[in-house]
Each structure stands twice: as C-alpha cells, then as structure tokens.
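Just so it is clear, none of the values below were taken in a lab; they were calculated from the coordinates. Given the structure is predicted, the values throughout are model-derived calculations rather than measurements. FYI the Cβ positions are ideal-geometry reconstructions off the backbone, even for glycines, and counts take in every protein chain you see.
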Amino acid sequence: MAVEGVRRPAWAEISRSALRHNAAVMRELLGDTAVCAVVKANGYGHGALLAAETLASSGAAGLAVAIFDEGFELRNAGLTDPILLLAETPRETVRDALEAALTLTIGSVDGARAAVSEAAALGGRHSVHLKIDTGMHRMGISPDELDDTLDVLTSSPNVVIEGIYTHFSVADSSTASDRAYCVEQLARFDAALARVRARGIEPAIIHTANSAAAIGIVESRRTMARVGLALYGYLPDPALGAVLSERNLQLRPAMSLHARVTAVRQLAAGERPSYGRRRELAVSSCVATVPFGYADGYPRRMFDAGAEVLINSQRYPLAGAVTMDQLVVDCNGSSVAVGDEVVLLGTQGAHTLSAETWATWAGTITWEILCGIGARVPRVVVE
C-alpha cells in the first residue's frame, strides 16, 4: 500500500464545497439526466473515498470506477450507492464483483458468459450494463457480437440488463470533423439500442455522455451521464465554457497543492543548481528548496517549459531540474524565508496556477496532471 506523507510540509487541499458546487452545476445543466460520478483513479487524484462520499451526498445517482479494486475500496468503506465497473472484469474476479454488488460492464461474449456462470453460482439477480463499441475501438461489444451476447445474457434468470452505453472518442474536441464523428457514434449506438429493444429488452439506464458530451452534445444526454473531469472543476475543452456561461454557470477546481520552503541559500551568478547543472543563474539570487518532486506528480519536463510557483503572492521560476522529492526555485532578489507557503497549484494573491497551466507546461492533458498527484501527498479536506 502506498505511504501517505503526514510529517512533510507538502499537501493537497481538497475542497468539498467545490465538489458540491460542481455537482450542482452539472445537475442544473443536465436537468432530468442523472449524474453518475466517475471516481476512478483515486477520484481523479482527489481521493476516491472523499470524492465518492461528497458527490454521492450531492445528488449523484451512482458512482463509476475502472476496476474491481476501486469499487471494493468504496464498498469496504461502507458506501451502498450503485457502483458501475467501467472496464470488463476479468473472469476470475467476476464472482467477487457480484458479491460486492458492483455492476458489471459486459463488453464481449466471453464477458457475458462469465457473468452468467458466476451469477448462477451465487443465485439472486445481478445487474449488468452492456457497453457498445461505436468507434472508440478500445473495449465493447461490436455490432456483429451483439446478438450472441444478448443470447447469453437473456438465457439467465440471474442477470438483469439494467443499462446500455457507449463512449465517445473525440467529444472533447470542437473541430467540425470530430463533432461529425460524435454524431456518427450516436447513430451507431441508437442502431444497437434499437436491436436490443427489438428483442423485448428495455434497459432502464441509457448513457452515452462523458463530461465533454454532457456539456456540449445535448442529444447525448440520455437517462444518465458519466461525469468525471467536470466534477473536479475543469472543462475537457475550453470552448465548452461558453455553454456554461450562457447559463451563468462556472466550475470550481477542487484541488490545490501547497508546500513550505524548507531551505534558502544565496547563490552567486553563474551557479547551476540541481541535477545536470541545466541552467546558470543570470544574477546573484536567493534559491529556495521546496519539498515536492516528480514522485509527487510534478513532471520533470515542466522545468524546460518555464514552470513557476507562487511564494508570497509572487511568481517565481524553477532554478534547476525537477528532482524526485524536491524543487529549487529562483527567487532572484526577493526575501523568501524557510516556512513560507508555496502554492504549486491554485491561487495565491492575484496569481493562479491551474491544472490546465501545468498541462500546457508539461505538454499533456488536465486529466493526467490531476491523476498523477502521488499517493504520498496527503489530501487535506477544506470547506
């Protein structure tokens, strides 16, 4: 089990009120479409149990995780909400998932057979959701497998086809070609849904939308939407901000990252701090050490991109390469002292560093930044 730091001056602050606010924004936007809160990957780095409890109490109709272990963690903590496993569960884990009342995703004929076999052994009635591959081509039932999959599932009195869904591959893009592909995926999904209904099967829960589609593709809002990134305060595509602005709605980031300066030294011009001696100081400078590194989720490549941190409400650049456990910051001629608070992600004074800012520096996406915050960074709940 990963160690969580408690005696180190570096921490993440998680705002319950921001999570609740974002849930309320999505509920207002979606209207009659229920919100399924996606809390996989440790609640997108925010803490799975914290996120799940907060979002479930904020009106989410259910929760979604990627793998059995994530769902079992929530069940073991006492959560009784519906929990959907978004990935097809390996056969050897299916019985454990059913015993924990986790809802299986069925994405293949073999997955259907495993569910039927284990459900029969356990007895009772067990809900499953069919995932239709409409073009993501990662997982899901292809059109030519659909009838065979339905044959297997409907042969069992122990399995209930509660839901049916698909997943968009480019809903977070605003280009014309990508929007057209989303429309094509919806058409493929509706064709599959029609085939299911033609066999007398009427799933109670129909969901196609992730955060991007839930905000930007009105026709994707079926009986439920799987909302992840938006609940944590970020837009999958900046262009979607216009949709929220039209309704006078705005998301709030729920996580900020903090540390305290642990060492300060005056270095002469020409000195080259940190591994690799990557960059010389242009002038004599105050260099501060901050206990946060790439093992905590601060990407090494951010140094080359000109990443900055906030100390005493001022922006300061890194003075050298990111190391596993620490950063060095070029504070130039400023007065910085041991114990001063550092904001790595969040707001201090008039300045804000967002996960989107980090993603730009790191050449990646917001999701990766949030999910990459290490387990040894304690999550401190703030209201």
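Data for the structure
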| read-out | value |
| --- | --- |
| Cysteines in the chain lacking a second Cys C-beta under 4.7 Å | Cys36, Cys182, Cys371 |
| Taking all pairs of distinct alpha-carbon atoms in the range 129-228, Kirkwood radius in angstrom | 13.9 Å |
| Efficiency of FRET between Ser142 and Ala120 - r from beta-carbon atoms, R0 35 angstrom, step 0.05 | 0.85 |
| Residue exposure sequence - Trp358, Trp367 - by fewest surrounding Cβ within 10 Å | Trp367, Trp358 |
| Candidates Leu84, Leu353, Leu63, ranked by Gaussian network fluctuation over the chain, Cα under 10 Å, top entry | Leu353 |
| Percentage of interatomic Cα-Cα distances in the range 29-139 larger than 17 Å | 54 percent |
| Length-normalised contact order for the range 32-246 - Cα pairs under 8 Å, 6+ apart - percent | 17 percent |
| Column: log10 I(q)/I(0), Debye, Cα scatterers of the range 1-63, q = 0.14, 0.16, 0.18 Å⁻¹ | -0.45, -0.56, -0.67 |
| Residues Phe292, Phe68, Phe189 arranged by fewest to most Cβ contacts within 10 Å | Phe68, Phe189, Phe292 |
| Distance (nanometres) between label positions extended 7 Å along Cα→Cβ at Ile365 and Ala191 | 2.6 nm |
| Which of Gly163, Ala319, Ser127, positive extreme of dipole for the chain (C-beta unit charges) | Ala319 |
| Fraction of the pair-distance distribution of the range 103-152 above 14 Å, Cα-Cα pairs, percent | 48 percent |
| Simple spin-label estimate for Ala77 and Ala239 in nanometres, 7 Å along Cα-Cβ | 3.6 nm |
| Relative contact order [Cα under 8 Å, 6+ residues apart], the range 192-348, whole percent | 20 percent |
| 5 angstrom amide H check on Glu162, placed H, neighbours 5+ away | Val128 |
| Shape category assigned to the range 32-246 from the gyration tensor of Cα positions, a/c cut at 1.5 | oblate |
| Vicinal HN-Hα couplings computed from phi for the range 74-81 (Karplus, 6.51 cos²θ - 1.76 cosθ + 1.60; Hz; Gly/Pro x) | 5, 5, 5, 7, x, 6, 10, 5 |
| The chain, relative contact order in percent, only Cα pairs under 8 angstrom and at least six apart counted | 18 percent |
| Fraction of antiparallel bridges per DSSP, the chain only, in percent to nearest 5 | 50 percent |
| D (Stokes-Einstein, µm²/s), Kirkwood Cα radius, the chain, 1.002 mPa s at 20 °C | 95 µm²/s |
| Unit charges on C-beta of K, R, D, E only; dipole of the chain, Debye | 800 debye |
| Descending Cα extents along the principal axes, the range 250-350, whole Å | 46, 26, 21 |
| Helix axis angle, 16-30 relative to the chain longest principal axis, alpha carbon, degrees | 40 degrees |
